[in-house]
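First up is the structure itself, then whatever we jot down about it.
The values are calculated or read from the model by the stated rules, or taken from the named source; none is laboratory data. These figures come from a predicted structure and were not determined experimentally. Quick reminder, even Gly has a Cβ in these numbers, built from the backbone with ideal geometry, and neighbours come from all protein chains shown. For accessibility, only protein heavy atoms count, side chains too; no ligands or nucleic acids. Shrake-Rupley method; radii C 1.70, N 1.55, O 1.52, S 1.80 Å.
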Amino acid sequence: MASTSVSRVVPASPARVWQLIGGFGSLPDWLPYITESTLSEGGRVRHLKNLGGDTIVERLMEFNEEQRFYSYRILQAPFPIVDYLSTLRVHEVSGNDNVAEVQWSGRFVPQGAGDDEVVALFTGIYRDGLEALHTSLG
């Protein structure tokens, strides 16, 4: 099993950040390479479209409004992985109510590609996504 995690401090309160990213269907609101998100199964499954037209299907596994995080599994995607579990979390920054730290982490089993290649792929996705979030909040 491989894993990666990326964190980014963003210029907004944790409540404001969570309001933007905390909805399971909200990726198109802040992630430029996801153009569409459609929820099904009572909001527990999201069907995403990316800029290339690929479909990604993910299932919500855990959601915690109070602690500001959710975890999800990829059910279908054009990525060389199986057993993918990811968490998106918003943290308070001690002493500063006007910024938040966002952490995006995942663990997975590469399939048809090396660990380093797949870790680099998801590290880049998380890093670019959190940079886009920072830009949208700035």
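If I ask for residues that are in contact (Cβ under 8 Å) with a residue 60 or more places away in the chain and closer than 16 Å to TYR84 by Cα, which ones from the stretch 103-124 would you list?
Quick first cut of the stretch 103-124, residues in contact (Cβ under 8 Å) with a residue 60 or more places away in the chain only: 103-110, 115, 118-119, 122-123.
Those that are in contact (Cβ under 8 Å) with a residue 60 or more places away in the chain and closer than 16 Å to TYR84 by Cα: TRP104, SER105, GLY106, ARG107, PHE108, VAL109, PRO110, ASP115, VAL118, VAL119, PHE122, THR123.
Take the stretch 8-26 and flag every residue that is in contact (Cβ under 8 Å) with a residue 12 or more places away in the chain and open to solvent by less than 60 Å² (accessible area, probe 1.4 Å). Quick ask: steps written out before the conclusion?
Just the residues of the stretch 8-26 that are in contact (Cβ under 8 Å) with a residue 12 or more places away in the chain, to begin with: 8-14, 16-18, 20-22, 24-25.
VAL10, PRO11, ALA12, SER13, PRO14, VAL17, TRP18, LEU20, ILE21, GLY22, PHE24, GLY25, listed by residue number.
Taking ALA77 as meeting all but one of (1) among the aliphatic types (A, V, I, L, M); (2) open to solvent by less than 70 Å² (accessible area, probe 1.4 Å); (3) touching a residue at least 24 places away in the same chain (Cβ under 8 Å), write down the number of the exception.
Of (1) among the aliphatic types (A, V, I, L, M); (2) open to solvent by less than 70 Å² (accessible area, probe 1.4 Å); (3) touching a residue at least 24 places away in the same chain (Cβ under 8 Å), only one is false for ALA77: (3).
Considering only residues that are in a loop (DSSP other than H, G, I, E, B), out of contact with any helix residue (DSSP H, G or I) (no Cβ under 7 Å at 6 or more places or on another chain) and not aromatic (Phe, Trp, Tyr), look in the stretch 27-70 and name the one that is surrounded by the fewest Cβ atoms within 10 Å (Cβ to Cβ).
In the first step, residues of the stretch 27-70 are kept if they are in a loop (DSSP other than H, G, I, E, B); the result is 31-33, 44, 51-54, 65-68.
Pick out the ones that are also out of contact with any helix residue (DSSP H, G or I) (no Cβ under 7 Å at 6 or more places or on another chain) and you get 33, 44, 51-54, 65-67.
Pick out the ones that are also not aromatic (Phe, Trp, Tyr) and you get 44, 51-54, 65-67.
Working: ARG44: 14, LEU51: 9, GLY52: 8, GLY53: 7, ASP54: 12, GLU65: 9, GLU66: 5, GLN67: 12.
It comes out as GLU66.
Looking at ALA120, ALA132, which is the one that is open to solvent by less than 50 Å² (accessible area, probe 1.4 Å) and on the phi < 0 side of the Ramachandran plot? Spell out the reasoning first.
Values: ALA120 fails: open to solvent by less than 50 Å² (accessible area, probe 1.4 Å).
That would be ALA132, the only listed residue that is open to solvent by less than 50 Å² (accessible area, probe 1.4 Å) and on the phi < 0 side of the Ramachandran plot.
Could you please find all residues in the stretch 80-94 being more than 16 Å from THR123 (Cβ to Cβ) and assigned to a loop (DSSP other than H, G, I, E, B)?
Listed by number, the list holds a single entry, SER94.
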